[in-house]
Structure formats: structure tokens, C-alpha cells
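Trainee: This structure is in C-alpha cells; I'll ask about it shortly.
FYI, it's all coordinate maths here, none of it is from the lab. Since the model is a prediction, treat every value here as computed from it, not as a measurement. As a convention, Cβ positions derive from the backbone with ideal geometry for all residues, glycine included, and neighbour counts pool all protein chains shown.
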């Protein structure tokens, strides 16, 4: 027991410390640039950040940036601070099912998750949203347990507004709040319940209105904000968002990618074969324990709400999110791992072999978290590309897709432009007759998809590699030189 305490507490302390030490200080992608720029000038029309604005995430980053004076690092530190606070709700949540030592182990298992820590050191809102999600889940559980208290119902609505104010895509977790309201029906007569619903829904909407109204005012009024919202929604679901509607892949391909690559390989295992095996064994233990538990109990209303939220977000991630970006699934492995840990620890309180296994899980995750977070110090492929082009002692123009956003942020000292169509490229390159013309692999692949036989006009120069955990799409950038 003492060993479990020491290892778990040490793991939590080390992981929290490493998050601050290895926080990114320069953005690596288009989205990270959006968030970083927002701390110096918040402007949705200028994509600083992109819609819906993530106001509570940006606000926290702005406050921290007063001391850090580095927007990218400030946002990463905001993630780390919020994740640090989740030690309390995760502990309290697990104490409903586990003894004290088991709860500390559960906290350590969640805090040491590799992919969670990868997201924590980046200037993206997923880790902050997951932190608020744990507070929201704990408050929901408290509300389900305190059937005569409306205070926790209101607090659930408040936390849900914080959650959507950080990541609007976490909307499916509203299922938990909805089920909470429905669970109160037995406590009221019909008219009283109708009044209760009207009041609680009004309160929930008012909480959401706080951040929505703030955004509308900052962007020039309601009409401008609605126009912006419609434009973003149309683009997300119909064009560039990578959803089931806009993507060319089949549902089966999306499901396979979501389950095996995003959730299992990246979310659970942190792209480590050893961790994948550990989590697989962990899951087998939990499955056996779960079968025993189902025979004894059908589950509480909160447990069913927890499962419903998990399923709801899984379907949302499958159909309405970009499966090429694993960060969108971050809540799923964290929620699943918490459930697995709770089941195993509660069913095997005194078995030495299980305690040894739990220690192995915590130590392994902590070790890999350190290794992977330290990788954040290595330059992204796009930064390697920038360094390479800046060393060329003659005029250069490089045509890219999203890489140009990062080049602009770091004020690269060469010409760079975003290009999508070959016809535009043919027209634009005429302005750079005295320049060496380069194309990135994404641009070349795009031209090929347009039916352009460009192979004879380009020469492969070099390729740059970085971690696919940090750069899921641009972890490998190939540079070509164009020669007519």
C-alpha cells in the first residue's frame, strides 16, 4: 500500500513538473498559430483564433501571458494549470468507488497518460477542455447523488458553459446534464417539474449566453457573429472540416481510423507498442471484473449518464470531427481509462499481483510521458523546413498549404505563399522569375489530384521528419524544387 502511494504521488508530481518544463514556446501548426496570435489581438475574422473563439481558454492564456510573455507558452501553461486542478475532482469521483489508496492510483493513471501530456504542452484547447470536463463530471455525479439539491444542478450548468466556452465541440457532453434534469422528474408533480425544467434550462442558457454575447460584442454585433458562425459551420461540415460529410473516406474507414489509430494507438498507447500491450492487458482485467460486476448490479443513474456521454461523444468524433487529427478524441481514452482503473482497483483491492500491475502501468506511462514530452524540444518538420530555406543564399519562393501560417508567425526571411490550384500557381510564379521556386509535398500531391502531370517539372530536394504525436498531419514534409 505504501509503495502504491509513493509511486503514484511521485508520478503526479513529476508529470505536472514536466508539463511546465517542456511547454512549447513556438507554434508548430496552423491552429496553434491561430491560438497564439489571439493573445495579442483577439479577432475571429482574422482567424485569431478561428471560430468559435474559445474565449475561456484564450482569457486564461492572456492572464498567464502577463507573466510568461510568450503566447504559445502561456497557453500551454494554462493547460497545465487546469490539468493540475483535476487531481481533486478525479480523486473525489473515484472515492465513490475506491478506497483512498486506490483513488490516488486512479489519479496517477489519468495524470500520467502519454497523449494527455502531449496535448498539455501544446497551445491547443483540448487539454484545458478535458480538465474542465473532469470538474463537470464530478459535479454531475454530486448532483445525481444529492437528489434534493438544486445547487449542484446549477453548478453542472455553470461547468457545462465553461466547457463549451473552451471547446464548443464538447457539446455532446450535455447529454449528462439532460439526463440529470430528466432524473429529477420523480421528485415533482407534473406542473412543478415543468417549472423546474423551465428554470434550469433558462439558467443553463444564460450561462452559455455570457460567453456567446461577449464574442458577439467583440466581433461587431450579433449579425456579424451569426454570419461568421454560419460561414464556419458550412466550411467545417461541407468543405475543409474532415467530417463524415466533407471527407471522401467511407464510414468503415473512419471507424477503423478512429478506433485503432486515434483511440487505441494514439490515445491509450501514446504510439508505443509496449504501452499498447499494457493497456490491452489492463482492458482484459477490467472486462473480466466488469462481467462479475454486471451480475451483481445494473449500475447507478450517474454511471449510465457517464456511458451515454462517452457514446455520444464517440459518435460525434466519428461523424462530425476530423479523424485525421487524433486530438479530437482526447476525452474518450481518458474517460475509458478512468472506468477501467476504477473497475480493476475496486474488484482486486488486496491482490498483490494486481497492485504490481498497477504500479507497472503508472511507472510505464510516466516514463513514456517524460520521453515524449522531451521530444517537444526537437524542432517540428515545418521549423526544419524554415531553417533549411533560410540558409539558401539566393532569392527563394516556396509554395505551401498550411505551413505558410507558421512561416508568417516566425517571420521567415524568404517568400512563401499558400497555394491550392495549379492554375493559380502558373500565374503567380511569373512574379518570381529571379527566384528559386520550391513546392512542399502537399502542394505537389494536390496538383496530381487535379490531374496535372507535374513529375517532369520537379526535383525532390529533401524531406523533414518530426513526431506524429505533435504533428499528426505535417510530421513528414517533402520539399521539391520546380524547374521548367
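Trainee: For segment 45-72 and segment 248-322, compute the distance between their C-alpha centroids and round to whole Å.
Mentor: So the separation of the two Cα centres works out to 32 Å.
Trainee: May I ask for the angle, rounded to the nearest 10°, between helix 126-145 and the longest principal axis of the chain, with both axes built from Cα atoms and the value confined to 0 to 90°?
Mentor: Helix 126-145 sits roughly 20 degrees off the main axis of the chain.
Trainee: Pull out the extension gain between residue 45 and residue 360, defined as 0.36 nm times the separation in residues minus the alpha carbon to alpha carbon distance; nm, one decimal. Intermediate results must be reported in sequence, preceding the final value.
Mentor: Details: separation 315, 0.36 × 315 = 113.40 nm, distance 4.87 nm.
Full extension of this stretch gives 108.5 nm more.
Trainee: For residue 5 and residue 281, what does the FRET efficiency come to when R0 = 30 Å and r is the distance between their Cβ atoms, rounded to the nearest 0.05?
Mentor: Calculated value: 0.80.
Trainee: How big is Rg to Rh over the chain, alpha-carbon atoms, Rh as the Kirkwood inverse-mean-distance radius?
Mentor: Numbers: Rg = 24.2 Å, Rh = 24.2 Å.
Ratio value, two decimals: 1.00.
Trainee: Cut-off is 10 Å between beta-carbons; in what order do 67, 211 appear when sorted fewest neighbours first?
Mentor: 67, 211
Trainee: Continuing with the same structure: Quick one, can you get me the convex hull of the C-alpha atoms of segment 96-165 expressed as volume per residue in Å³? List each step's numbers first, then the result.
Mentor: On the way: hull volume 5.9 nm³, N = 70.
About 85 Å³ per residue, rounded to a whole number.
Trainee: Please tell me the relative contact order of the chain in percent, rounded to the nearest whole number, where contacts are Cα pairs under 8 Å and at least six residues apart. Mind showing how you got there, number by number?
Mentor: Numbers: 690 pairs, mean separation 87.2, N = 484.
Once divided by the residue count of the chain, the mean separation gives 18 percent.
Trainee: Once both labels are modelled 7 Å past Cα along the beta-carbon direction, what's the residue 424-residue 69 spacing in nm?
Mentor: Label at residue 424, label at residue 69, 3.9 nm between them.
Trainee: Work out, step by step, the length gained on full extension between residue 88 and residue 201: first 0.36 nm times the residue separation, then minus their alpha carbon distance; give nm to one decimal.
Mentor: Result: 37.9 nm gained on full extension.
Trainee: For segment 381-482, what is the convex hull volume of its Cα atoms per residue in Å³?
Mentor: 94
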